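Here's the structure, in structure tokens; my notes come after.
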Ligand code: SF4
């Protein structure tokens, strides 16, 4: 039996008992996890459940967890703890915990030991087995679990319930082969495997004909897309095929690993009109010594070659990055190299983090002689430098016309806010009726975190 058969089985069971349960799904963490949550919602709806945002009225609660940070895991345990009261009020309530956390043995043991009212636990590989697990639990009323690792995650043909009609995330691959020493992802999401290009194109075609304006292609390392397919297709080729689809939409992607970004990819971005002229290229550190300790497989020279080539092809090209401050044994000299790179590249946005130990990774075993006090001091220094860099950089947008997809209200009354192709926050006078629409905006003023302008069409 495949997941469709189990979906039918559960739906028939609910129909027989004249019961239409309400389901609540909460996804933590990255967009990949949110995308998995949208599939879980789709399966629940197919099983005949109503969907609710209010967990206190739900008959089925699924927490789709993230394992990237240990303190975030503790918060999830806190949230699981809060569900005990609901279970006491409603003993028929079904509680499921899924996603990256249960893909670690010690987490499942802790749930079984301390959270005995959890009914179903499944990992990232077993998403398609959720209807089977639910069916088994409904029959036995016993704890059911599937956290086995598999070679691939079968998700084709699943209904997806998205919360937003104008922006959609489309996974193009799953897993990661890179084993950066600070990262837990390869241990909880397995090895890289790509979806077939035709499945991706069909999904995007459907979204665009439903009015979707922005497609975000997702993968832990999109640049190695297609390498494991029977008929390999490069990421550049996939982008060109998506760009050739009919419709008025734009394409983003994340995450790009600097070791795999080719000049061919930059040429593709430059030549394809639907691809946003922005690249999120995680630097992590400007020191080759630290990059080696992180197992990143590129050095600063390779990174800068990519940046320089992109700027040569697209002088206004926008770059954002991730930076880890205070990796084990990082010195101030290492940090200064990061700071110097931030100034040289001139990022429009930086997502920076103070290194935090992640149990189960190689970096967690490293002796660390850098003090927490230094790490915090350097972090503040980085924020200050980036603020100045962005403030200066954003001035280049003044007088320019940007294409903006409006996605929310601004904090200022009478203003709305959105993102430009360059991934810059743009504010303009306008009503919430414009949310979900793509408009041209002429920029009139800039700050260090956003720009402001007038809608001109
Ligand atoms: S590329 Fe590195 S940081 Fe990114 S998911 Fe893979 S191991 Fe983690």
All positions within region 127-146 that are farther than 13 Å from residue 96 by Cα and within 22 Å of the chain's Cα centre (by Cα): 128
All positions within region 121-146 that are within 18 Å of residue 73 (Cα to Cα) and not in a helix (DSSP H, G or I): 121, 122, 123
Test set (1) under 30 Å from residue 231 (Cβ atoms); (2) within 16 Å of the ligand (Cβ to nearest atom) - residue 159 fails condition number: (2)
Residues that are within 15 Å of the ligand (Cβ to nearest atom) and not in a helix (DSSP H, G or I), drawn from region 291-308: 294, 295, 296, 297, 298
Looking only at region 267-290, and only at residues there that are more than 22 Å from the chain's Cα centre (by Cα) and within 21 Å of residue 349 (Cβ to Cβ), the one that is nearest to the ligand (Cβ to nearest atom): 286
Residue among 346, 326 that is away from the ligand (no atom under 16 Å from the Cβ) and surrounded by 19 or more Cβ atoms within 10 Å (Cβ to Cβ): 326
Options 278, 297; residue that is closer than 16 Å to residue 260 by Cα and modelled with pLDDT of 95 or more: 297
Filter result (in contact (Cβ under 8 Å) with a residue 60 or more places away in the chain and away from the ligand (no atom under 16 Å from the Cβ)) within region 215-256: 216, 238, 248, 250, 252
Those residues of region 175-195 which are in contact (Cβ under 8 Å) with a residue 60 or more places away in the chain, more than 6 Å from the ligand (Cβ to nearest atom) and either closer than 20 Å to residue 226 by Cβ or surrounded by fewer than 20 Cβ atoms within 10 Å (Cβ to Cβ) (or both), in sequence order: 181, 187, 189, 190
Some residue of region 379-392 being modelled with pLDDT of 95 or more, surrounded by 15 or more Cβ atoms within 10 Å (Cβ to Cβ) and within 22 Å of residue 275 (Cα to Cα): no
Residue check, residue 202 away from the ligand (no atom under 15 Å from the Cβ), modelled with pLDDT under 95 and surrounded by fewer than 20 Cβ atoms within 10 Å (Cβ to Cβ): no
Sole residue being surrounded by 13 or more Cβ atoms within 10 Å (Cβ to Cβ) and over 29 Å from residue 191 (Cβ atoms), chosen from 14, 19, 77: 14
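The values are calculated or read from the model by the stated rules, or taken from the named source; none is laboratory data. Predicted, not measured: the structure shown is a model, and the values here were computed from it. Reconstructed Cβ throughout: ideal geometry from the backbone, glycine too, with neighbour counts over all protein chains shown.
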